[in-house]
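Worksheet: one structure, shown below.
Bear in mind that the values in this text are calculations on the coordinates, not laboratory data. Predicted model only: the values in this text are computed from it and were never measured. Reconstructed Cβ throughout: ideal geometry from the backbone, glycine too, with neighbour counts over all protein chains shown.
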Amino acid sequence: MRRGKRVVLLAVNSKYIHSSLAVWQLAAGIAKFAQFPHEVSVVEATIHQPYDDIIGLVSAQNPEIIGISTYIWNARMLPELLKLLIERLPEAVIALGGPEASHNADYWLQLGADHVLAGEGEYVFPTFLDRTQGIASVDSAKAVNTTEPPPYVTCTANDAYLTSLSGRIAYLETSRGCPFSCAYCLSAGSGVKLFPIEEAKEQLRILSQTEAKTIKLVDRTFNCNAKRTYDIFEHIIGLDTTCSFHFEVAADLFDEHTLTLLALAPPGRIQLEVGLQSFFRPALNAVARKTDLEKAEQNILKLLQVGNIHIHIDLIAGLPYETLDDFQKSFERAYSLRAHTLQLGFLKLLHGSVLRLQAESMGIRYAAEAPYEIQSSPWITPQDIRILKQTENALQNTQNKGRFLSTLEYVLSTSKLRPFAFFQELGQAAPHNGTALPEYATQVFDFCATLPMVDINELRDRMICDWLAMVKGKNMPAILRIPDSKHREMFELAKQRLGHEVRREEVRVLSAGNAAFVDSNDRDLVTGLYRVYH
């Protein structure tokens, strides 16, 4: 009887907090479908780890076969890692999978990979292992592909996987593919395969009892089937858990029945990421993005009105036919919805996407290296991209991180600046490049103080209250501190008002001499901010 192989499945994540669904799913697929028992080890690393550390983790398992998941976030560092693995483990067979390799097989084979695997990995990888039985090394590289769909495979029966999720983000699929055909997306035109709903519910229940912070469903358009969406939301709302569940949705597909249900969700239980992409219809038409924009807006506002769900809106800059002026209008319209997060992303020309194939004929230039971001087009210039990058930098480090929210509301109202212009100017005046938060707060204060009609005292008071809400007053920058001769009196007032002990930094003095203090026991589960009294 032929023996199985020693297999290492390697994931290189962008951050430690991210877990890898792919490698654990592959391990489950091998256990279920391989004809021979294999000795499978999962190694999760990050792009920030030294190469030698990653190779050490792999080498410790003495692998005969190494499977590596490839994505845009690890594609830049994988060529060097691949080279070093080949040098250190010359007898090991290296197989790559994932979207970066499967849509660009020749490139990775030329770099020395023995195989590139494409298709549904839970079935493809064990099939590949069965073909390599008895082979010590592979002389001729080839790509392996199959479109045969496997039954639903889950990895939650693996105790090692569940233990690895502590304090991290867990990922899960309840469906695969997408009903839409957006030209920039790799799931375009794939259709949707719905996994058995009762099994999906059980996986959600199991994950909800781990120590994962967030459970993120990777379904491309989670709410494409209204009844199924309602059933899963109802299940999640009823779970006894402190986990948050994150979904990618199309806001225009929600019906009133589901919106009524979502209003009953415990605060913070559900997070919705809404891919609006643009409000400029010619751009949406050019990439075959179908959205009822008016209905999407109405549904987003209804969801926000209840206040129990964190809403994240996505925009994509650089879509065909959308100029900088057009994008500004999209931005202003999206910002006016007052979602918790407004993500300003940039068009990526991914291997395997329809738009990448059309890019040259459309005059779209993009970076040669991952993540293949747009550099220019007939509708957007490199200078426009720089302006958008400045805007994104300021937006991401203030509004999207829940920072200085009261301050932003005040200065935008008082100065009469439009949001896009404000964030662009802030990004230019105070770029955040790893800046420590107290230093960045000082830069934000200095910029806002120059805006028309802004009162310095009101600005400082707003930022003091924001600082308390953000970090409970810790390490407050000097520019925000006001002489506190009445601090002891206010400290006692805060303790009496809150009914519990407070720390010195949790009580601050405002410009009129009155107190502002934070309740460290009252944190909003949707925004993550602490309640402030003033």
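General remarks:
- Viscosity 0.692 mPa s, 37 °C: Kirkwood-radius Stokes-Einstein D of the chain over Cα pairs, µm²/s: 128 µm²/s
- Applying a DSSP loop filter and a limit of 10 other Cβ atoms within 10 Å to the GluC sites (Glu not before Pro) in segment 480-532 leaves Glu501.
- Remark: Trp108, Trp73, Trp379, Trp467 ranked as Trp73, Trp379, Trp108, Trp467, counting other beta-carbon atoms within 10 Å and listing the fewest first.
- Counting only alpha carbon atoms, the long axis of helix 419-429 and the longest principal axis of the chain meet at about 90°.
- Of His312, His534, the sequence from fewest to most neighbouring Cβ atoms within 10 angstrom is His534, His312.
- All Cα-Cα distances of segment 381-534, cut into 10 Å bins from zero to the largest, leave 11, 39, 33, 14, 3, 1 percent in each bin in turn.
- Placing a label point 7 Å from the Cα of Glu409 along the Cα-to-Cβ direction, the residues of segment 448-477 whose backbone N falls under 20 Å from that point are 448-449, 453-473.
- Mean residue ellipticity (222 nm) of the chain, computed from DSSP H runs ≥ 4 via -39,500 (n - 2.57), nearest 500: -11500 deg cm²/dmol
- Residues Ile30, Ile197 arranged by fewest to most Cβ contacts within 10 Å: Ile197, Ile30
- Shape of segment 49-102, Cα gyration tensor, a/c cut at 1.5: oblate
- Label point 7 Å beyond Cα of Thr527 along Cβ direction - residues of segment 303-334 with amide nitrogen under 20 Å: 303-314, 334
- The loop-placed GluC sites (Glu not before Pro) in segment 374-457, going by DSSP, include none that has at most 11 neighbouring Cβ atoms within 10 Å of its Cβ.
- Violating pairs (Cα-Cα greater than 27 angstrom) within the set Lys216/Lys401; Lys32/Lys213; Lys216/Lys302: Lys32/Lys213
- For segment 226-262 versus segment 296-368, the gap between their alpha-carbon centres in whole angstrom: 23 Å
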